[in-house]
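Below is one structure, written out as structure tokens, with a few remarks after it.
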Amino acid sequence: MKAPARAVPLINPTRCTGCGWCVAVCAPRVLWLRAEGGRKTSALHDAAGCTGCALCAVRCPFGAITMLRVKAPTASSKISI
Ligand code: SF4
Ligand code: SF4
């Protein structure tokens, strides 16, 4: 059986300011803020738990999130650019 495709957020760390709005609107709590290189950026820590609702992308004031279609993401899937 073919694995279903689903959309998950692709976060551009260059555009992300670490404001946390996407984390706040994510109902299943699969986004968190990660400190790296002296600044915070949003990261998807559980791709399998993402419902693909795209609320995070809609809420991001800085256009840092693009929804990307992937095949059956797992909890350990790394979605990055
Ligand atoms: S809402 Fe956008 S800018 Fe703010 S933390 Fe999330 S991805 Fe980064
Ligand atoms: S698409 Fe929805 S469930 Fe997935 S990370 Fe964004 S807000 Fe959370």
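Roughly how many percent of the accessible protein surface of the chain is carbon and sulfur, given a 1.4 Å probe and a whole-percent answer?
The C+S portion of the solvent-accessible surface of the chain is 59 percent.
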Log entry: pair-distance distribution for the stretch 5-71, C-alpha pairs binned every 10 Å from zero, whole % per bin is 24, 58, 18, 1
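The values are calculated or read from the model by the stated rules, or taken from the named source; none is laboratory data. Note that the coordinates shown come from a computational prediction; the quantities given were computed from them, not determined experimentally. What goes into the accessible areas is simple: the full protein's heavy atoms, side chains included, and nothing from ligands, DNA or RNA. Shrake-Rupley method; radii C 1.70, N 1.55, O 1.52, S 1.80 Å.
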